[in-house]
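Remarks on the structure that follows.
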Amino acid sequence: MNAKEIRELTDKEILERIKEETEMLTKMHFNHAVSSIENPAKIRHTKRMIARLNTIMTQRKKINQQGK
């Protein structure tokens with residue numbers, strides 16, 4: 001999912017995705033600590049997805065604050 005697709009989501013959907021991705025990242029960290037996971041690059045990909053989602057939310061908050 002790229003930034004253009006994220007921007008099409010509602011705020012509620014983005015917050016749900018952040019929660020899901022964070023939970024998945026936590027599970028991946030635990031699994032990687034216990035035994036090596038098949039694709040460790042998934043951890044990096046998940047971190048970047050969370051960062052993208054948070055960036056879009058921050059941009060929306062700034063736009064809403066300026067509009068008031």
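No lab work stands behind these numbers, since they all come straight from the coordinates. A quick note: this is a predicted structure, and the numbers were derived from the prediction, not measured. As a convention, Cβ positions derive from the backbone with ideal geometry for all residues, glycine included, and neighbour counts pool all protein chains shown.
In deg cm²/dmol and to the nearest 500, what is the mean residue ellipticity at 222 nm of the chain if only DSSP H runs of at least 4 residues count, each as -39500 (n - 2.57), divided by the residue total?
Working: 3 runs with 56 residues, N = 68.
The helix contribution divided over the chain gives -28000 deg cm²/dmol.
Between Met1 and Ser35, how high is the FRET efficiency from 1/(1 + (r/R0)^6) when r is the Cβ-Cβ distance and R₀ = 25 Å? Nearest 0.05.
Numbers: r = 28 Å, r/R0 = 1.13.
Efficiency for this residue pair is about 0.30.
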Quick one: what are the phi-derived ³J(HN,Hα) couplings along segment 51-63, Karplus 6.51/-1.76/1.60 with θ = phi - 60°, whole Hz, x for glycine and proline?
5, 4, 4, 5, 5, 4, 5, 5, 4, 5, 5, 5, 5
For the chain, give the magnitude of the charge dipole about the Cα centre (Cβ charges: +1 Lys/Arg, -1 Asp/Glu; no others), in debye to the nearest 20.
400
For segment 17-28, just list the computed ³J(HN,Hα) in residue order, Karplus coefficients 6.51, -1.76 and 1.60, θ = phi - 60°, integers in Hz, with x standing in for Gly and Pro.
5, 4, 4, 4, 5, 5, 5, 5, 4, 4, 4, 5
Once both label points are put 7 Å beyond Cα along the C-beta direction, the Lys47-Lys19 separation in nm becomes 2.5
Considering only lysines 8 or more places apart in sequence, or on different chains, count the pairs in the chain whose C-alpha atoms sit under 30 Å apart.
26
How many angstrom separate the Cα center of segment 1-20 from the Cα center of segment 41-57?
11
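Need one number for the chain: average projected area of the convex hull over its C-alpha atoms, nm². Write out the running numbers ahead of the final one.
Values: hull surface 19.6 nm².
Seen from a random direction, the Cα hull of the chain projects 4.9 nm² on average.
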